[in-house]
There are 2 protein chains.
Amino acid sequence: MTASTIACCAPIAREPLGETEAAELAVLLKAVADPVRLRLLSMIGSHAGGEACVCDLTDAFDLTAPTISHHLKVLRTAGLIDSERRGTWVYYWIVPETVNRLGALFAPLAEPAAI
Amino acid sequence: MTASTIACCAPIAREPLGETEAAELAVLLKAVADPVRLRLLSMIGSHAGGEACVCDLTDAFDLTAPTISHHLKVLRTAGLIDSERRGTWVYYWIVPETVNRLGALFAPLAEPAAI
DNA sequence: GTTGTGATTCGAAGGTTGTCTAAGTAGCAT
DNA sequence: ATGCTACTTAGACAACCTTCGAATCACAAC
């Protein structure tokens, strides 16, 4: 990605997205377009050590364990997080490369007009 | 936004999102989490003059005019685009401030771990 | 006025999603 | 083995979303 180009706006506003590219990105965006999954992603990423146990996450919501498990699966299928079982507990962590794809889409390359 | 802080990851992965903040952002993300709307946003932003007529947009899809109109309304309701009627045609343009909110969420502040 | 074109709104059909309960799997401790 | 705890899978149901055709609105030209 030639970041040296001077442009006013986010990449998404600089050239038209291809049909397949848009479809791919939409899958990724659908995964994060949910309040619970946004918070899960945020909680996992900001947890000490960069990873969080499911037990840490479930208590923060008024939702049942299967529902949390479902949301974690959606995030994992999208490639935004990965997981591993260590003994009794299952730990999740963020996959930065995938998160960065979203950042690259919307991030302004030059000074934003406001905020 | 204190951008001077040295951090490894996107803001979303640095501290837990609040419940209401997550709900707000989810609304915004839902608006862009669709292939058609992603392409619409992209086409509007990259169009000459920074704005596009609905007639320009409709032809690029295998969808009926009401469907395109619906998607434009979703984007407009979310505050991602704005519109104005000038004579016969209706023109749409991007609201950069709103797009930047998404960029600020996922953009890494320092070097990403990879890529 | 009337007619024609661009765009939106309305109402409905079909598919997708979020949530639950119930049941299942994996590991630890007795 | 038995039981207990942590987590996932399966199935069901209500709510929502995308899409369409038909109707409607807005404007320009005649």
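The values are calculated or read from the model by the stated rules, or taken from the named source; none is laboratory data. In this text, all values refer to a predicted model and were calculated from it rather than measured experimentally. No Cβ is skipped: glycine too gets one built from the backbone with ideal geometry, and neighbour counts run over all protein chains shown. With ligands, DNA and RNA removed, areas are computed over all heavy atoms of the protein, side chains included. Shrake-Rupley method; radii C 1.70, N 1.55, O 1.52, S 1.80 Å.
In table form, for the structure just shown:
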{"read-out": "Phi to ³J(HN,Hα) by Karplus 6.51 cos²θ - 1.76 cosθ + 1.60 over region B:91-96, Hz, x for Gly, Pro", "value": "10, 10, 9, 7, 9, x"}
{"read-out": "Chain B, relative contact order in percent, only Cα pairs under 8 angstrom and at least six apart counted", "value": "40 percent"}
{"read-out": "Long-range amide H partners of residue A:81 with built H, under 5 Å", "value": "A:76, A:95"}
{"read-out": "Phi-based couplings in Hz for region B:80-86 (Karplus 6.51, -1.76, 1.60; Gly and Pro marked x)", "value": "7, 9, 9, 9, 8, 8, 10"}
{"read-out": "Per-residue mean of C-beta atoms belonging to partner chains within 10 Å, peptide B:15-25", "value": "5"}
{"read-out": "Inter-site label distance for residue A:53 and residue B:73 at 7 Å from Cα along Cβ, in nm", "value": "4.9 nm"}
{"read-out": "Reach of residue A:73 by Cα under 22 Å, taken over lysines that are not fewer than 8 positions away in the same chain", "value": "A:30, B:30"}
{"read-out": "Residues whose placed amide H lies under 5 Å from that of residue B:90, excluding near-sequence neighbours", "value": "B:54, B:55"}
{"read-out": "In order through region A:61-69: 3J(HN,Hα) via Karplus (6.51 cos²θ - 1.76 cosθ + 1.60), integer Hz, x for Gly, Pro", "value": "10, 8, 10, 6, 4, x, 5, 4, 4"}
{"read-out": "Per-residue mean of C-beta atoms belonging to partner chains within 10 Å, peptide A:45-57", "value": "2"}
{"read-out": "Extent along principal axes [Cα atoms of the protein assembly as shown; Å; largest to smallest]", "value": "66, 37, 30"}
{"read-out": "Accessible area per residue, Å², region B:19-106 with all protein chains present, probe 1.4 Å", "value": "47 Å²"}
{"read-out": "Radius ratio Rg over Rh of region A:31-106, counting only Cα atoms, Kirkwood formula for Rh", "value": "0.95"}
{"read-out": "Rounded tilt (10° steps) of B:19-32 against the dominant C-alpha axis of chain B", "value": "40 degrees"}
